[in-house]
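The structure is given below, and queries will be raised subsequently.
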Amino acid sequence: MKIPQILILTIALTLTGMPAFAQRQLSGPMADEPQREAGPFSPEGQGGPPSEERREEVRKKIEAVRIWRLTEELKLDTNSSAKLSSLLSSLDLKRRNTMREQMEAMRDLRSLLRTAKPDEAKIMSLLEKLEKNRQEMQGLKDQELKGLKDILTIEQQARFLIFQHEFQREMRDMISGARGKGPGGPGRRGGR
């Protein structure tokens, strides 16, 4: 049984403005940045940016869809599905926190480099933080693979990796489509 495309499209439409909004929130309005088009979730749009609660609600729905589809795809029993869900949830939380730190460090680095005479010690500190975050992200990937080995069979591990790749691509394509760019369109690499 497939999830109705309308549910996934609704989630994608809700997410459409989130990356831009998150970037705007972290970087703040900059005088030298080009103005972005107003979208349904941009401050200039009709609805304004989605609230933190709304973003969290959408994230939870996407995670529920992902776990449901993984359970179906991997033919997991209830116990294995619960273990997989717990593993992925804890690692996803750590990933989100690390990615938030990464975005903040990049924002600070951009801001620092815009100054007349950037402080090299601060630059070095930010570069070290970015490297630490990169290592943490790799460590989380390693933890995920190790955890999968404890829960899934070899075949299920392979199916999991393929599912993850396809699910992420599907989400990106839906978001691009919701923005009017479509797969392979101007918003995607390789598009013209």
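The values are calculated or read from the model by the stated rules, or taken from the named source; none is laboratory data. Predicted model only: the values in this text are computed from it and were never measured. FYI the Cβ positions are ideal-geometry reconstructions off the backbone, even for glycines, and counts take in every protein chain you see.
Report whether or not Arg169 is under 24 Å from Glu52 (Cα atoms) and loosely packed, with under 15 Cβ neighbours inside 10 Å. Let's see the steps before the verdict.
On the way: under 24 Å from Glu52 (Cα atoms): no; loosely packed, with under 15 Cβ neighbours inside 10 Å: yes.
Against the criterion (under 24 Å from Glu52 (Cα atoms) and loosely packed, with under 15 Cβ neighbours inside 10 Å), Arg169 does not qualify.
Next up: Which of (1) in the same structural domain as Leu70 (by TED's automatic domain parsing); (2) free of Cβ contacts under 8 Å to residues at least 12 places away in the same chain; (3) assigned to a helix (DSSP H, G or I) is the odd one out, the single condition Gly180 does not satisfy?
(3)
What number goes with the only condition from (1) assigned by TED's automatic domain parsing to the domain that holds Glu56; (2) over 17 Å from the mean Cα position of the chain (by Cα) that Glu170 does not pass?
(2)
I need every pair where a residue in the stretch 131-146 that is part of a helix (DSSP H, G or I) has its Cβ under 6 Å from the Cβ of a residue that is hydroxyl-bearing (Ser, Thr, Tyr) and surrounded by 12 or more Cβ atoms within 10 Å (Cβ to Cβ), sequence separation at least 6 or different chains.
As it stands, the answer is Asn133/Thr98; Glu136/Thr98; Met137/Thr98, since those pairs meet every condition given.
Please go through the stretch 49-80 and pick out each residue that is of a type in the set (Asp, Glu) and in contact (Cβ under 8 Å) with a residue 24 or more places away in the chain. Before the answer, list the steps.
Pass one, the stretch 49-80, residues of a type in the set (Asp, Glu): 52-53, 56-57, 63, 72-73, 77.
Scanning the stretch 49-80 gives Glu63, Glu72, Glu73.
Having 3 or more residues that are modelled with pLDDT under 85, assigned by TED's automatic domain parsing to the domain that holds Lys129 and touching a His at 6+ places or on another chain (Cβ under 7 Å) is the bar; report the helices (runs of 4 or more DSSP H) wholly within the stretch 1-103 that clear it.
On the way: elements: 5-15, 18-27, 52-74.
Per the criteria, no element qualifies.
Okay, next question. So, in the stretch 95-120, of the ones that are polar (S, T, N, Q), free of Cβ contacts under 8 Å to residues at least 40 places away in the same chain and closer than 30 Å to Glu144 by Cβ, which residue ends up surrounded by the most Cβ atoms within 10 Å (Cβ to Cβ)?
Among those that are polar (S, T, N, Q), free of Cβ contacts under 8 Å to residues at least 40 places away in the same chain and closer than 30 Å to Glu144 by Cβ, it is Gln102.
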